[in-house]
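Enquirer: My questions all concern the structure below.
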Amino acid sequence: MNLPMKDEILKRFLLAKDTPISGQSLADELGISRTAVWKHLQTLQEEGYVFETIKKKGYVLKGKPDKVDPARITSFLTTQRFGRNIQYLDEVTSTQSVAHELAREGVHDGTVVIAETQTMGKGRMARPWESTKGKGVWMTVVIRPDVPPSQAPQFTLVAAVAIVNAIKSVCKNFTPTIKWPNDILINGRKCTGILTEMLAEMDRVEALLIGIGINANQQMEDFPPELQTIATSLSIEEQAEINRPQLVAELLNYLELYSNLYIKEGFKPIKALWEESSGTIGKQIKATTLREVIEGKAIGITEEGVLEIQLDNGEIKGVYSADIEIM
Ligand code: BTN
C-alpha cells in the first residue's frame, strides 16, 4: 500500500541516513515537480523535522520529532500485510473504538490504528488505561484470521509472544516475561497490556482487534501514584530512550510472522514459544476469576490457551479468564 507523498519523501530521507538527497532526484523518482517536493519539505519542517541543505548535493535529515508516524514505522517494516495501512492520530478516545469502525468498514488484515495519546484508553475488565502523550505505544491491529470464534483467545497469546520478541530486539538489558494471559512484565512490574476484542458471526471471526499498550519512554514520575509501585517502562529498565517507531515495526514484523505460523501449523508452536517466555508456569499463584479465588501451582496452558492450576489436593482446574497474582 502506498504512503502519502509527504511520507514517501520522509521515508527516503530516513533510509538515506546521512547521504544527501537532491530535490531534483526526489521529483524524478516520485514523478512530481520540484515545487511540490519543496512544499512537502516545508510541511515536514512545520511538523518538527529538521533538514540541512548541503550545497550542490541536496538535503539531509538532521532532526526528527518524537512521533510514531507511519513513515518512520514503515522504514523498519519487513512485512507483507501488517502495518501497510496505518491510521495515525495525535489524540483519540481509544484506538479500539477507531479500529472497530474501520473493521466494520472492511479494512484489510493487518491495518493499524496508532495514537500519541488516548483520552479514554481501555484496559481489561473495563479498567481505564493510562496513555501518556508521546511516551508509549498505544495501538490496535485489526486482523482477519479465518478461524471460528472459539480460537480468538489464542491470538492474545500470539500477540504476547510477538511483543516479547519485539521488546527483546530493541532492549538488551533485561528479559521480559509473560504473565498469563496477557501482561508483559519486567522484574515483576507491568510494562505492557493486551486487550483483544472481536467482531464475529456465530461460526466465524470477522475481525480481531488486538489492542496493545506498551509503556515505552515514561519515567516513574509520569505514572500516576497508584501505578508507581506496580508499573514500569522499557526506558526505565533499559536506561535509554526507546525508538518507538522501531519498536512498533518490530512488533508488526513478529505479529505477522507468528500469525502466519499459527494459521499454517496451529497453536502448538505458539504454545511452545509462549511457555518459553512465561513467568507464570511452575509458579505458585492466586487466580481471581469472576466466580472464585483459586490458589495452586500453574502447570501449563492447554491448546485453547486455558491456564491449568494444580490445587494442593492434586485436582487440576482450568481458568479461562482471571487476574493472576504470583505468590
Ligand atoms: C490491560 O488491561 O492490560 C490491557 C490494556 C490494553 C491497552 C491498549 S492501549 C491501545 C488499545 N486501546 C485501548 O483503549 N486499549 C488498548
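Enquirer: Which of the residue pairs Lys17/Lys56; Lys17/Lys122; Lys190/Lys297 have a Cα-Cα distance greater than 29 Å in the structure shown?
Expert: Listed pairs above 29 Å: Lys17/Lys122.
Enquirer: From the alpha carbon gyration tensor of segment 283-326, can you work out the equivalent ellipsoid semi-axes (sqrt of 5 times each eigenvalue) and give them in Å, largest to smallest?
Expert: Over the Cα atoms of segment 283-326, the ellipsoid semi-axes are 13, 13, 9 Å.
Enquirer: Through the Karplus equation 6.51 cos²θ - 1.76 cosθ + 1.60, θ set to phi - 60°, convert the phi angles of segment 251-262 into ³J(HN,Hα) values in whole Hz; use x for Gly and Pro.
Expert: 4, 5, 4, 5, 5, 5, 4, 6, 5, 4, 4, 4
Enquirer: Further question on the same structure: Hey, got a sec? Which trypsin sites (Lys or Arg not before Pro) in segment 180-225 land in a DSSP loop and have at most 14 other Cβ atoms within 10 Å?
Expert: On the way: sites: Arg189, Lys190, Arg204; in loops: Arg204.
Passing sites in segment 180-225 are Arg204.
Enquirer: Compute a Gaussian network model of the chain, connecting alpha carbons closer than 10 Å, and tell me which residue from Ser75, Ser131, Ser169 fluctuates the most.
Expert: Ser169
Enquirer: While we're here: With r defined as the distance between the Cβ atoms of Glu226 and Glu29 and R0 fixed at 51 Å, what FRET efficiency is calculated, to the nearest 0.05?
Expert: Efficiency at R0 = 51 Å is approximately 0.45.
Enquirer: Next up: Taking R0 as 45 Å, what FRET efficiency do you get between Tyr320 and Lys172 from their Cβ-Cβ distance, rounded to the nearest 0.05?
Expert: Approximately 0.80, to the nearest 0.05.
Enquirer: Amide H to amide H under 5 Å from Met198: which residues, 5+ apart in sequence or cross-chain, H placed 1.01 Å off N in plane?
Expert: For Met198, whose amide H was placed from the backbone, the distant partners under 5 Å are Leu209.
Enquirer: Also, I was wondering about something else. Using +1 at the C-beta of Lys and Arg and -1 at the C-beta of Asp and Glu, which of Asn217, Ile270, Ile294 has the Cα lying farthest in the positive direction of the dipole of the chain?
Expert: Of the candidates, Asn217 comes out farthest on the positive side.
Enquirer: In whole Hz, with x marking every Gly and Pro, tabulate ³J(HN,Hα) for segment 281-286 from phi via Karplus 6.51 cos²θ - 1.76 cosθ + 1.60, θ = phi - 60°.
Expert: 5, x, 9, 7, 9, 10
Enquirer: Something else: If you add up the charges near Tyr262, with Lys and Arg at +1 and Asp and Glu at -1, over every other residue whose beta carbon is less than 14 angstrom from its beta carbon, what do you get?
Expert: -2
Enquirer: A further question follows. Top mean-square fluctuation among Asn165, Asn215, Asn187, Gaussian network model of the chain, C-alpha springs under 10 Å?
Expert: Asn187
Enquirer: Going out from 0 in 10 Å bins, what whole percent of all Cα-Cα distances in segment 1-84 drops into each bin?
Expert: Binned Cα distances yield the sequence 17, 53, 27, 3.
Enquirer: Further, regarding this structure: Taking a spot 7 Å from the Cα of Thr78 along the direction of its beta carbon, which residues of segment 148-192 have an amide N less than 17 Å from it?
Expert: Only 162-171 pass the distance filter.
Enquirer: Quick check on the chain: helices-only [θ] at 222 nm, where DSSP H runs of length 4 and up contribute -39,500 (n - 2.57) each and the sum goes over total residues. Nearest 500, please.
Expert: On the way: 9 runs with 105 residues, N = 327.
Theoretical 222 nm ellipticity from helices: -10000 deg cm²/dmol.
Enquirer: Which whole-Hz ³J(HN,Hα) couplings does segment 79-95 yield from phi under the Karplus relation 6.51 cos²θ - 1.76 cosθ + 1.60, θ = phi - 60°, glycine and proline marked x?
Expert: 7, 8, 10, 5, x, 7, 10, 10, 9, 9, 10, 6, 9, 8, 5, 8, 4
Enquirer: I need the per residue convex hull volume for the chain, using only the alpha carbons, in cubic angstrom as a whole number. Display every interim value, and only then the final one.
Expert: Working: hull volume 47.4 nm³, N = 327.
Output value, Cα hull per residue: 145 Å³.
Any read-out appearing in this document is the output of simple, stated calculations on the displayed coordinates, not a laboratory observation. Bear in mind that the values here come from a model prediction, so they are computed numbers and not experimental data. Note that we place each Cβ from the backbone using ideal geometry, even for glycine, and neighbour counts take in every protein chain shown.
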